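**Student:** Before I ask anything, here is the structure I am working with.
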Amino acid sequence: MPLPPAPTQRAALLKPDAYRMTVFEDDEAAEASAAPPATAAAPTRKRAATKTSAAKKAAAPDTAIPSSAGRSTKAGVSAAPAHSRARPADEGAVRMRPPVTAVPPAAAPRAAPDAAPRKKRAAGPKKMFVLDTNVLLHDPTSLFRFEEHDIFLPMIVLEELDGHKKGMTEVARNGRQASRTLDALAAAHGSADMALGLRLDSTGQRAAGGCLYFQTAPLNYQLPSSLPQGKADNQILGVVEALRKLHAPREVVLVSKDINMRVKARALGLVAEDYQNDKTLEDGDLLYSGSLALPTDFWTKAGKNVESWQSGVHMYYRISGPVVAQLMINQFVYFEAPGEPSLYARVTEIRDKTAVLETLKDYGSSKNTVWGVNTRNREQNFAMNLLMDPDVDFVTLTGTAGTGKTLMALAAGLTQVLDERRYTEIIMTRATVSVGEDIGFLPGTEEEKMGPWMGALDDNLEFLAKGDGGNAGEWGRAATNELIRSRIKIKSMNFMRGRTFLNKYVIIDEAQNLTPKQMKTLVTRAGPGTKIICMGNLAQIDTPYLTEGSSGLTYAVDRFKGWPHSGHILLARGERSRLADFASEVL
C-alpha cells in the first residue's frame, strides 16, 4: 500500500471536508489492496486513468485553504495528518468527494519526520522594528529576539557597526559577532534580492519568524531644521519617519538603548521602545527576596493539619494550604506574633500541595559563633545558614551598604577552610569598575594590581583577625594574618576564562556591576566541591548601560531561585553604624 503524501497543515486548521475526503480515499485504497491480483495490463490502465483524472483536476482553479494567519498553502489543499486518518467515517453519512486540486508529487512539500512543533505565535498584525546601533552592540543576537515581527536596519547603522569592530573590548566583540551574523544571513539566501527581505530563520534560529530588511534605496523624509542632518541619530530618526509613512497603517517602532534618542523620537511623534529582552525584571522591587512572612493566622488555620517530627537537632513540619503555592525550595519562612512562639525555618521539600519546613540553626547565639562572628538580625541568620550549608553550592546576597555581606561570607569561608577543611582555599574577585575617574595603570603582580580594589577584604580581615592587645596579642595577630593570607587568593576577572575551580570557596564581590554574560562566565568556572557566593548592592551600579533589571546579579537571582542547591537572601537592615544607617535612608 503506497504511503499518503506528507501533511502540509496541522489537523486543527483543516476543514471538515478534508477529513471526509481523506477517509474516502483511504477506503478506496483499502478496497484496492483487498481485491485479487489483476493481470499485468491492469495496473497500466489504472495508472493511465489516474493520470487522466489528475489532468482534469489540474485544469480546475486552485482552491487554497487559508490558515489562521491569513496565508494560503502552496500546494492548495493539505492532506490530513496520520492520526486523523484513523478516525472512522460515520456510517450513515453520505460520502461525497469535495472538489480538490491535484498536486504533483514533486510540488508536494514534505515535512521532516521528527520536526518539533513550533510555538504558536501571537495573533495580530506584524510590526516593523528599526534597530539602533547600540542594540546590536549590546546584544548581537537581538536580531532573533522579535518573534514574528520584521526588522529594518538603516545603512547608517551598518556604518556605525563597522566603526566599532576594532579592539578587544566587549563592545568590539559584540560588533564583530553582529557583523558575522548579518553575513551568515546574507550567505544563506545566496543571490536573492535583499530588497525582498532575508528570512531570519534561515540560519536555524526557529524563534524568529520575520524578515530582515536593509536600506537599499534612499528614503524621503523631512525632519525639523533644529536637528542636524549629518548626525547618525537624526538620520535613523528620518528613516523611521519615512518607513512610518511608507508602510502605514503598519506600526513602525524604533528600538534603542539611548534614552535621549527615544525622547527625541517621541517628541517627533514616533514610537520608540527600549530593548527589553535582556531585562530580567521591570521593577527591582519584584526581585525574589528569599524569605516570606507567614500570615498571623497561620497556626490557627493550618495548625490542625501540621505534622511534626525531629531528626537530629532540627525540627521538621509538614504544612499544607494556600501558602504552599507561594513557596520555593530553600526559601526561608518566619512567623512572628506577640504572645506566640516564633518560627524560623527553611523550605526543604515541596510535593503536590504540601511542603516540609526545617528549623534553622541560631547563629545569633554565642554557642554558634562563626570565626568570632554572631548574626545580629533575622536576615543575617538566614544568610549564615546558607553560607554554612555544604549542600548549597550557590549563594547570592543583596542588600545596602553595611548589612554584613562581606564579613559573613569571609567568616563562613575561613571557618570551612581552616577549621572544617571543607575547601582548600578562598578565591576572591570583583568587577574593577571605578566610581570616579580612573587613576591609571597599577604596578606589580596580579594580586598587587587587585590590592586597591580589595579594600573591603582588608577591612574585614582586620576585624576577624584582631588580637587582645599587648605583645602576645600582636604576635598572635601577625601569625593569624599570615595564615589567613596564605589561604586567600585575589584573582582578576580578566583571566577567568578556561579555569576550573576544584574544592574552592569563591567570593564574587560587587556582583551588581557584572553583565549576565560575565556572571555566566564566572559561575560556570565551578568544579566539583566548589561553592560560589555572589554579593552586591543593586542600588550602587557603576557600570554604564546596566540597570537593576539588567544586572548580572539580578539575572542570577531570578534564574537560580527554586534550585535545591542554591539560595538567596535580601539583607534589609544595616549593622555598620548608626551614622551609616541614617545616611543610607536620607542621602
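The values are calculated or read from the model by the stated rules, or taken from the named source; none is laboratory data. Keep in mind that what you see is a predicted model, and the values were worked out from it rather than measured. Cβ coordinates were reconstructed from backbone atoms using ideal geometry, including for glycine residues, and neighbour counts include every protein chain displayed. These area figures cover heavy atoms from the full protein model, side chains too; ligands, DNA and RNA do not enter into them. Shrake-Rupley method; radii C 1.70, N 1.55, O 1.52, S 1.80 Å.
**Student:** Among Val263, Tyr275, Gly197, flag the residue with its Cα farthest along the positive direction of the charge dipole of the stretch 191-277, charges on Cβ as +1 for Lys/Arg and -1 for Asp/Glu.
**Tutor:** Val263
**Student:** What FRET efficiency, computed as 1/(1 + (r/R0)^6) with R0 = 25 Å and r the Cβ-Cβ distance, is obtained for Arg576 and Ala539, rounded to the nearest 0.05?
**Tutor:** On the way: r = 15 Å, r/R0 = 0.61.
Efficiency computed from Cβ-Cβ geometry: 0.95.
**Student:** Now a separate question. Using the Cα centre of the stretch 178-319 as origin and beta-carbon charges of +1 (Lys, Arg) and -1 (Asp, Glu), tell me which of Pro228, Pro218, Tyr317 is placed farthest towards the positive end of the dipole.
**Tutor:** Of Pro228, Pro218, Tyr317, it is Pro218.
**Student:** Multiply the residue gap between Asn481 and Glu462 by 0.36 nm, knock off their C-alpha separation, and tell me the result in nm, one decimal place. Numbers along the way, then the final one.
**Tutor:** On the way: separation 19, 0.36 × 19 = 6.84 nm, distance 0.83 nm.
That pair, Asn481 and Glu462, stretches by 6.0 nm at full extension.
**Student:** Could I ask something else about it? Run the simple label-point estimate for Thr432 and His247 please: 7 Å along Cα→C-beta, distance reported in nm.
**Tutor:** 4.4 nm
**Student:** Extension gain Asp352-Lys231, at 0.36 nm per residue separation less the Cα-Cα distance, in nm? The partial results should precede the final answer.
**Tutor:** Working: separation 121, 0.36 × 121 = 43.56 nm, distance 5.99 nm.
That works out to 37.6 nm of additional length.
**Student:** Where the centroid of each part is defined by its Cα atoms, how far is the stretch 314-367 from the stretch 558-587 in Å?
**Tutor:** Here the two parts' Cα centres lie 20 Å apart.
**Student:** While we're here: Limiting things to C-alpha atoms, what are the Rg and the maximum Cα-Cα separation (Dmax) for the stretch 190-316, in angstroms?
**Tutor:** Values for the stretch 190-316 (Cα only, Rg and Dmax): 26.9, 79 Å.
**Student:** Here's another thing I want to ask about it. Give, as ranges by residue number, the residues of the stretch 554-587 whose backbone N falls under 12 Å from the point 7 Å along Cα→Cβ of Thr141.
**Tutor:** In the stretch 554-587, the label zone of Thr141 (backbone N under 12 Å from the point 7 Å along Cα→Cβ) covers no residue.
**Student:** Order these peptides, 249-261, 573-585, by their mean beta-carbon neighbour count within 10 angstrom, highest first.
**Tutor:** Numbers: 249-261: 17.3, 573-585: 13.4.
Peptide ranking by packing, descending: 249-261, 573-585.
**Student:** Still on this structure, I have one more. Taking 0.36 nm per residue of sequence separation and subtracting the Cα-Cα distance, how much length would be gained by fully extending the chain between Arg376 and Ala184, in nm to one decimal? Intermediate values should be presented prior to the final figure.
**Tutor:** Numbers: separation 192, 0.36 × 192 = 69.12 nm, distance 5.75 nm.
Extra length from Arg376 to Ala184 when fully extended: 63.4 nm.
**Student:** Then there is this: Starting from the residue with the highest accessible area, list Ser486, Ser551, Ser291 in decreasing order, probe 1.4 Å. If you can, show how the numbers build up before the last one.
**Tutor:** Working: Ser486 60, Ser551 0, Ser291 25 Å².
Largest to smallest exposure gives the sequence Ser486, Ser291, Ser551.
**Student:** Determine, from the Cβ-Cβ distance of Ala337 and Ala217 and an R0 of 51 Å, the FRET efficiency 1/(1 + (r/R0)^6), rounded to the nearest 0.05.
**Tutor:** Values: r = 72 Å, r/R0 = 1.41.
Efficiency at R0 = 51 Å is approximately 0.10.
**Student:** Quick one: order Lys279, Lys531 from most to least accessible surface, probe 1.4 Å. The partial results should precede the final answer.
**Tutor:** Details: Lys279 60, Lys531 0 Å².
Solvent-accessible surface, decreasing: Lys279, Lys531.
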